[in-house]
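The next block holds one structure in the form of structure tokens; read it before the comments.
Every number in this text was worked out from the coordinates using simple rules, so none of it is lab data. None of the values given here were measured: they were computed from a predicted structure. For neighbour counting, all protein chains shown are included, and Cβ atoms are generated from backbone atoms with ideal geometry for every residue, glycine included.
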């Protein structure tokens, strides 16, 4: 049997008393107040029970969503970054193949002397492309390192959260 | 050999049935304990001890009766034993409180399941900020003082904020129940 909200208006302090009690921070005065309220009025007792049941449900809900936050974010993040790295790898390898083909065509040229100036131009261009490819590979390495660091940090955060919880439990 | 197999099979069935019933009634037993010992840490310890006791006494359970009610009765006696063991202290609620709450809590209401469902809907209606506050305060057993320090706010403001959100959640659940009654 439930009552309308107005029936509970006199007992708004029960909210704070329940919160303090669950957290283990209730004072002796507050204990006495909660005791008196619940024992002397059936409506207060009913509100108290409803708040306790809601607290149990809220804890189940919060624990479930917390697991989702801690476990899913690193894997999602890792997956997206891996995908990006994969595409960057393809681009880098393709650049290297192009460099190789251009270089091979250049060295297999039969009339090197007549095309000296244009060949020198090609050498410079090839070197530029090679340098570009190398910088892409360097960037790739850097991104991979950052990715590992982020995944490691998120993992550490999750551990710290879990430790805080267990430490808090032990403390209380 | 056949007898041994049959016994093993029967024990497995018994274990599975016990786990099923306990899982179904987990929230009810936890809430019952929490109502009698309103402190997360103590109630968690008592729940574990109660589960062991329930398993020890499972042979006495009559399957035609309500498992939840049987488990809550045993939980009540676990609380009484716990109070005797822990002795007197100023923080303790009176025996009259325990008896009043235990009696009222045993009156299972059909509304309990609906209230829980309504609460999930009300949580979705909260602002992101308030939902995160609830999530933060209920996802682990840190004291509110510790949580306030982590959040960089005063303990008094955290109490007020949490109390306000709990109040609005409860009002929302009550409103949904009133609406359901009018249907």
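Taking the C-alpha atoms only, the angle from helix B:40-56 to the longest principal axis of chain B is near 10 degrees. The mean number of Cβ atoms from other chains found within 10 Å of a Cβ in peptide B:130-139 is 5, as a whole number.
Length gained on full extension, residue B:48 to residue B:107, computed as 0.36 nm times the residue gap minus the Cα-Cα distance: 18.9 nm. Ranked by how many other Cβ atoms sit within 10 Å of their own Cβ, fewest first, the residues A:35, A:29 fall in the order A:29, A:35.
Highest-first packing order for the peptide set B:62-73, A:46-57 is A:46-57, B:62-73, based on the mean count of other beta carbon atoms within 10 Å. By the count of other C-beta atoms within 10 Å, a proxy for reagent exposure, A:61, B:40, B:55 are ordered fewest to most as B:55, A:61, B:40.
Decide, for chain B, between rounded, prolate and oblate: order the square roots of the alpha carbon gyration tensor eigenvalues as a ≥ b ≥ c, take rounded if a/c falls under 1.5, and otherwise choose prolate if a/b is larger than b/c, else oblate. Cα axes put chain B in the prolate bin. Taking B:29, B:165, B:128 as the candidate residues, the one with maximal mean-square fluctuation in a Gaussian network model of chain B, Cα springs under 10 Å, is B:128.
Shielding by partners for peptide B:122-129, expressed as the average number of C-beta atoms from other protein chains within 10 Å of each residue's C-beta, is 1. Spin-label model, residue A:32 to residue B:156: label points 7 Å out along the Cα-to-beta-carbon direction sit 2.2 nm apart.
Peptide B:28-37 is shielded by partner chain Cβ atoms: per residue, an average of 4 of them sit within 10 Å of its Cβ.
Over the residues of chain B, the helix contribution to mean residue ellipticity at 222 nm works out to -26500 deg cm²/dmol, using -39500 (n - 2.57) for each DSSP H run of at least 4. Quick check: from the Cα gyration tensor, does the stretch A:15-65 come out rounded (a/c under 1.5), prolate or oblate? Because a/c hits 1.5 or more and a/b fails to exceed b/c, the stretch A:15-65 counts as oblate.
For the residues B:157, B:163, A:63, what sequence is obtained by ranking on other C-beta atoms within 10 Å, fewest first?
Fewest to most other Cβ atoms nearby, the residues stand as B:157, A:63, B:163.
The separation of the stretch B:104-152 from the stretch B:56-86, counted between C-alpha centres, amounts to 27 Å.
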